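One structure is given below, encoded as structure tokens.
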Amino acid sequence: MTVASPPRVQWIKAASCATYGNCVELACDGDMIAIRDSKDPQAVQRYTFAEFAAFLDGAKKGEFDRLLMSRQRRGSVLDPA
């Protein structure tokens with residue numbers, strides 16, 4: 001569900017996004033985790049802690065790495081080109 005950005009939350013992002021400008025930002029918003037793209041900060045998606053924990057577990061185990069493989073063959077995944 002995409003909704004407006006919560007008014008008073010502290011957004012965090014990966015250190016590497018400062019270099020490339022491809023930033024996904026996260027914030028704790030009550031009992032939910034809010035996620036947004038820094039280029040469109042008003043569009044926010046919220047997930048329960050359980051949903052986000054399951055996603056992070058999969059990411060840590062490399063379950064989504066194949067989504068980046070075609071980009072890696074062309075160059076840096078972080079490079080916006």
Per residue, the convex hull volume that the Cα atoms of the range 5-61 enclose (Å³): 79
Counted charge near residue 35, where neighbours are those whose Cβ lies closer than 9 Å (Asp, Glu -1; Lys, Arg +1): 0
Spacing of the two label points (7 Å from each Cα toward its C-beta) at residue 60 and residue 45, in nm: 2.1
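Every number here is computed from the coordinates shown, using simple stated rules; none is lab data. The model shown is predicted, which means the values in this text are computed figures rather than measured ones. No Cβ is skipped: glycine too gets one built from the backbone with ideal geometry, and neighbour counts run over all protein chains shown.
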